[in-house]
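> Let me give you the structure first, and then I'll get to my questions.
The values are calculated or read from the model by the stated rules, or taken from the named source; none is laboratory data. Keep in mind the model is a prediction, meaning the values are calculated, not measured. Cβ atoms come from the backbone with ideal geometry, glycine included; neighbour counts cover every protein chain shown.
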Amino acid sequence: MYAPTTLASARDFWTLRYTSVLEDGSLVVCERSLSGTQGGPSMPPVPHFVRAEMLPSGYLIRPCEGGGSIIHIVDHMDLEPWSVPEVLRPLYESSTVLAQKTTMAALRHLRQIAQEISCDVVLGWGRQPAALRTFSQRLSKGFNEAVNGFTDDGWSLMGSDGMDDVTVLINSSPSKL
């Protein structure tokens, strides 16, 4: 989700991501929006959000000899600028703003990870930042799997009796226990 300002509706995305590691150790991540017209699953827009489109995008992370990496990034999005007041449109049309809000934040995170790996920084409770990050990623992965809730993955909807209820899905498949 993306929201450069609170004066207009935030954007949501329905995307498919493909990740692959090449023989030379490079990491390739490709992503684009899904739509019902492509034969894939469709998802209605989230209430109070505007469905934006991620055009073919992604990045390539190539390792360098002696350490470090070269990162090539392509962010290509249509944030539906027609739906915001004219004075705000530059925020939704500018790739510079998008890069500052999302891509640069991701690069700062990658730099922090590299610094953590190269140094022996210890946080409170005697834990390494990398160990905390791994734990965080496991929690996030479990949360994301739960949010997706596809029946093909073993998720089933528990009954609800009204529109204001919280939707609860359970997964009792052996691989999830």
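> Give just the number: which of (1) surrounded by fewer than 17 Cβ atoms within 10 Å (Cβ to Cβ); (2) modelled with pLDDT of 85 or more; (3) in contact with a helix residue (DSSP H, G or I) (Cβ under 7 Å, 6 or more places away or on another chain) does Val50 not satisfy?
(1)
> Can I ask one more? Can you tell me which residue in the stretch 53-72 is surrounded by the most Cβ atoms within 10 Å (Cβ to Cβ), limited to those that are in contact with a Phe, Trp or Tyr (Cβ under 7 Å, 6 or more places away or on another chain) and touching a residue at least 24 places away in the same chain (Cβ under 8 Å)? Write out each step before concluding.
Initial filter on the stretch 53-72 (in contact with a Phe, Trp or Tyr (Cβ under 7 Å, 6 or more places away or on another chain)): 54, 71-72.
Those still in the list that are touching a residue at least 24 places away in the same chain (Cβ under 8 Å) too: 54, 71.
Working: Met54: 22, Ile71: 14.
It comes out as Met54.
> Same structure again: Restricting attention to the stretch 43-67, report how many residues are closer than 20 Å to Ser20 by Cα and aromatic (Phe, Trp, Tyr).
Step one: filter the stretch 43-67 for residues closer than 20 Å to Ser20 by Cα, giving 54-64.
Narrowing further to those that are aromatic (Phe, Trp, Tyr): 59.
So the answer is 1.
> Also: Answer yes or no as to whether Arg62 is modelled with pLDDT of 80 or more, of a type outside the set (A, V, I, L, M) and under 15 Å from Leu27 (Cα atoms).
On the way: modelled with pLDDT of 80 or more: yes; of a type outside the set (A, V, I, L, M): yes; under 15 Å from Leu27 (Cα atoms): yes.
Answer is yes for this residue.
> Tally the residues that are surrounded by fewer than 13 Cβ atoms within 10 Å (Cβ to Cβ) and at pLDDT 75 or above, restricting the search to the stretch 78-103. It would help to see each step written out before you state the result.
First pass over the stretch 78-103, keeping only residues surrounded by fewer than 13 Cβ atoms within 10 Å (Cβ to Cβ): 82, 85-87, 95-96, 100.
If we keep only those that are at pLDDT 75 or above as well, we get 82, 85-87.
Qualifying residue count for the region: 4.
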